[in-house]
Structures are given as structure tokens and as C-alpha cells.
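Student: Pasting in a structure now, in C-alpha cells, and then I'll have a few things to ask.
The values are calculated or read from the model by the stated rules, or taken from the named source; none is laboratory data. Predicted model only: the values in this text are computed from it and were never measured. So basically every Cβ, Gly included, is an ideal-geometry build from the backbone, and we count neighbours across all protein chains shown. These accessible areas exclude ligands, DNA and RNA; they are computed on the full protein's heavy atoms, side chains included. Shrake-Rupley method; radii C 1.70, N 1.55, O 1.52, S 1.80 Å.
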Amino acid sequence: MRRRHIAAVVAGNALEVYDFVIYSLFSIQIGHAFYPSKSAYASLMLSLATFGAGFLTRPLGAIVLGGYADRVGRKAAMMLCFVLIGVAIVGMAVVPPYSSIGVAAPILAVLARMTMGFSLGGEIGTNTAYLAEAAPPHNRGLVISWQPVGQALAFVAGGLVGLAVTTWLPATAVDAYGWRIAFLLGAITVPFGLWLRTRLPETLHSAEEPGIVAAAAGESRLVLARRTWRIFGLGLMYIASGTMATYVFNYVATYAQATLHLSARVGYLAETGGYLISIPVVLLSGWLSDRYGRKPINVYGNLVLLVLTYPTFVWIVRSGTPGVFLFGMMLLSVVSSISVIYVSISESIPKSIRGSGFSLTYSLAVVVFGSTTQPIVTWLIHATGNPMAPGWYLTGAAVLGQIAVMLFPESAPVRLAAKSRAALRASA
């Protein structure tokens, strides 16, 4: 694959993460624009509820847009998804405030978030299916690893844009229009991304690889999905574990300030630094999985996270120093990135249901586990009064992931080929 092809594919998922970061950073200002209230708490909660509306439409988007990708083609679905993402992010930026159009403002904001969720529901599965089919089999792990790398870069970019807007503009300007500028900066990438995607070759009708479960003659997609239920069940556990970990690490800045009473700068450095350092680790994991198999990377990578999580949080809490917090959090963030979760699942799903199957599995994991992680962690800290609560939660997520990766079948072509050669020698 050419570099521009990879960039075109991962751009949509990266823009999703950018949108997530910007909304999180400016949720207070968004609440002021669409939900003016005498209670700052009420305004913020309504703003967060609007953000949560996007989670509700993800499974629907996974079914509709993922199914469209499986029937019509990956390229057509990716174009449609990116158009919807662009409409949603621009719509969020230009909707007039409540003071101008009244109740229509929050209604339009909710519609924009639901459109974003719907499009993202089909985006991730379609993108990953395309990369799995377009990449050379011997290099597939490395190519698909650019999906999480794109997400990491988007986290960093969103944080930097948020920092720039709040630094260069006075607080009143940020509240009035600064947050809109941040959204529009992300929307600038949409025309370029669409242009890149128009140049992508289609992959849906290429030949299925040996070793992948295929549909029998006349077999419906629903029957095929039932036949591969074990892959979807383990995949849901697997993605749930990774999603819970991701949302814990997204909570680092808040955790540093509200619970450990460290500065906001320390929390921001830990969160951003973890994403930056994880980028080469993610790519190395993909490269190694192409040579030694997916399962060793997933099993041993997740095991290291499971072993290190609790003692690292004990060290952080007992020390209470910025240096230990920075080192510990970045260490766990980097260890959690030793994974080839996307490639393992996409290789194990039959092509005729790969787009919808991966999309729905991912969307359900994000809706059920991702959207609830930070509220649960916050409640645990409040209910127990123990700053170790995020460590408990992350340990539980790692246990769930370890069960999934131990049971998940190997899918790397290099390992399947070696297994076939061994079987032939044994039968000779």
C-alpha cells in the first residue's frame, strides 16, 4: 500500500478522536452556548449528555454503514462515512447559541452528535476491513497498526489545539467562539481526506485468503455471523478491555488534579507523553506480529499490563510526587499499547461480514464499556475515598483482556502457513 492510501483510510478514525478530545476540553463552554443555566453543574451535565447522544447511534451506524460496506464496497462506505463526519463536525461548530435561536440550538447540537456517532459506528469497521484486505499479508500487522497510531496523533493534536486556543484567546473569547475554532480546524482535513479516498482502489471483491472462514453457497450473512459467534464474543471482550484502558488513560489529567492534587500541567504531560511514546511501540508490535504471530504479542503484552498495573498505582499513590506520577502513567500507557487488537479481529472475521461485524463489535464495546468507564471510576473514588480505584478498574480490564487473548485463535499468515507445513509433514 502507498502511504497516501494508509493516510486516507486512518484519517476518519483520527478525526473521530480529535472531535472527542475537543468536545471533552470545551464541554463547559459548549454547555454555556446551548444550555445556559444559573447552575454551572446543570449546564455541564447537559453538555455531557449531548456528547453521550453520539454513543447511542453508534450501533445503528455499525449495522447500516457496515452492512453497506459489505454489500456495495469499502470505498463507497468510507466516502459516505467521511462526508457524514464532516457534516457533523462543521454543524457542531456553526450551530447558533441558545441566545439566538432558543431551543432549536440544543436540538441541532444533539442531531450533530447523533450524526457523528452514526458515521463513526461504520467508520472504524470499514476502515479496518479495507486495510486488512489491501495490505500485503506479510505486512498486514504493521499496516493496520497505523489505525491506533492515527488515534494517538489525534489525541496529541487535539490537546495542542485546545492548549493553543485557551492560551492565545481570553476566557470570554474562548467561551464565545474559541471552541468553535477548534472544531473547524479539524474540519479543514475533511476535503483533503475525501480527495485521498477517491483515489483508493476497491478491495471488497478480491479473493478471500486461505484459512479465513468463508460463506457457504447460498449462506446468508446472519447465518455466517452465527457460525462465527465465538470470534465476535471474544472480540467484544478484547475490545472492551482495550476501551476501558483507553478511557482510564484519558482520565489521567482529571485524576491528577482532583484526586492526587497535582498540577494540571503534570496530568496533561502524562497523558500526552504516554500517547507520543506509545506510537513507536504500536508500530513495533504490528511489525513483530507479522513475523512471530498475533497471539504472542497480545498475550504477553496484556500480561505485562496486568502484572504492572496494581504495583504501579501503589507506587504513584504512596509517592504523590509529579515525577513518579509521570513515569508510572506513561509506563502503563506504553505497555497497554503492546497489542495488535485490530488486525487479530479483522483477520478472523469472514470478508462478507467483516465491515459490519467489526463495526458492531467495536461500537458495542465503546457504548457499554467506554462511555461508562470514567463515571464508574469517578464514583469508585468518591464512594471508597481510595485513590487506588483507577488501578483496580484497570486491573479488572486487563483480566478481561487476558481471558480473551488466551482463547482467541491465531490469525497471522506466517503462523497459519507454518501450521499447514507442519500438518503436511506429519501426513507425509
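Student: If the cut-off is 22 Å between C-alpha atoms, which lysines fall inside it for Lys75, apart from same-chain ones fewer than 8 positions away?
Tutor: Lys351
Student: Between Val94 and Leu169, take the C-beta separation as r, use R0 = 22 Å, and let me know the FRET efficiency to the nearest 0.05.
Tutor: Between Val94 and Leu169 the formula returns 0.75.
Student: At 7 Å along Cα-to-Cβ for each site, give me the label-to-label distance between Trp315 and His261 in nm.
Tutor: Going by the 7 Å Cα→Cβ label model, 2.4 nm.
Student: Let me know the charge dipole size of the chain about its Cα centre in debye, to the nearest 20, where only the beta-carbon of Lys, Arg (+1) and Asp, Glu (-1) is charged.
Tutor: 800 debye
Student: Report the net charge of residues surrounding Asn302, where surrounding means a beta-carbon distance below 13 angstrom and charges are Lys +1, Arg +1, Asp -1, Glu -1.
Tutor: +2
Student: Calculate what fraction, in whole %, of the accessible area of the chain sits on carbon and sulfur atoms when a 1.4 Å probe is rolled over the protein chains.
Tutor: C and S atoms contribute 71 percent here.
Student: Please list 237-243, 274-280, 338-344 highest first by mean number of surrounding beta-carbon atoms within 10 Å per residue.
Tutor: Averaged packing, sorted descending, gives the order 338-344, 237-243, 274-280.
Student: So, in nm, how far is label Ala42 from label Leu60 when the simple model puts each one 7 Å beyond its Cα toward the Cβ?
Tutor: Going from the Ala42 label point to the Leu60 one covers 2.8 nm.
Student: Place a point 7 Å from Cα of Asn386 in the direction of its Cβ. Which residues in region 392-408 have their backbone N less than 13 Å from it?
Tutor: 392-396
Student: Please list, in order along region 219-234, the HN-Hα scalar couplings obtained from phi with the Karplus expression 6.51 cos²θ - 1.76 cosθ + 1.60 (θ = phi - 60°), rounded to whole Hz, x for Gly and Pro.
Tutor: Calculated HN-Hα couplings, in order: 7, 6, 5, 5, 5, 5, 5, 5, 5, 10, 4, 5, 4, 5, x, 5 Hz.
Student: Going by amide H atoms built from the backbone, whose H comes under 5 Å of the H on Ser411, apart from near neighbours?
Tutor: For Ser411, the qualifying residues are Arg294, Lys295.
Student: Name the longest site-free stretch of the chain, where the excluded sites are GluC sites (Glu not before Pro) in a DSSP loop with no more than 15 other beta-carbon atoms within 10 Å.
Tutor: That would be 220-428.
Student: Which residues among region 251-284 fall inside the zone where the amide N is under 20 Å from a point 7 Å beyond the Cα of Leu160, along Cα→Cβ?
Tutor: Within reach of a label on Leu160: 253, 265-283.
Student: Can you return the aspartates and glutamates within cross-link range of Lys295? Criterion is Cα-Cα under 16 Å, with same-chain partners fewer than 8 residues away left out.
Tutor: Correct list for Lys295: Glu347, Glu410.
Student: Measuring with a 1.4 Å probe in the full set of protein chains, what accessible area per residue, in whole Å², belongs to the chain?
Tutor: 43 Å²
Student: Next up: What is region 211-351 by shape, rounded, prolate or oblate, if you read a ≥ b ≥ c off the alpha carbon gyration tensor as root eigenvalues and call it rounded for a/c under 1.5, prolate for a/b larger than b/c, and oblate otherwise?
Tutor: prolate
Student: Which label belongs to the value computed from this structure, given these candidates for Cα extents along the principal axes in Å: (1) 79, 42, 41; (2) 61, 52, 43; (3) 79, 50, 35?
Tutor: Checked against the structure: label (3).
Student: State the answer as a single residue: which of Trp379, Thr259, Val282 lies farthest towards the positive end of the charge dipole of the chain, with beta carbon charges of +1 for Lys and Arg and -1 for Asp and Glu, about the Cα centre.
Tutor: Val282
Student: While we're on this one: PRE reach from Leu407 (point 7 Å along Cα→Cβ): which of region 364-395 fall under 17 Å by backbone N?
Tutor: Under 17 Å, as judged by backbone N against the label point of Leu407, lie 365 of region 364-395.
Student: Okay, moving on. Along the positive direction of the dipole of region 287-428 (beta-carbon charges: Lys, Arg +1; Asp, Glu -1; about the Cα centre), which of Ala365, Gly293, Pro390 reaches farthest?
Tutor: Gly293
Student: Report the extension gain between Arg421 and Val399 in nm, rounded to one decimal, defined as 0.36 nm multiplied by the number of residues separating them, less their alpha carbon distance.
Tutor: Taking Arg421 through Val399 to full extension adds about 4.5 nm, to one decimal.
Student: Could you let me know the centre-to-centre spacing of region 30-76 and region 121-167, using Cα atoms, in angstrom?
Tutor: That distance is 20 Å.
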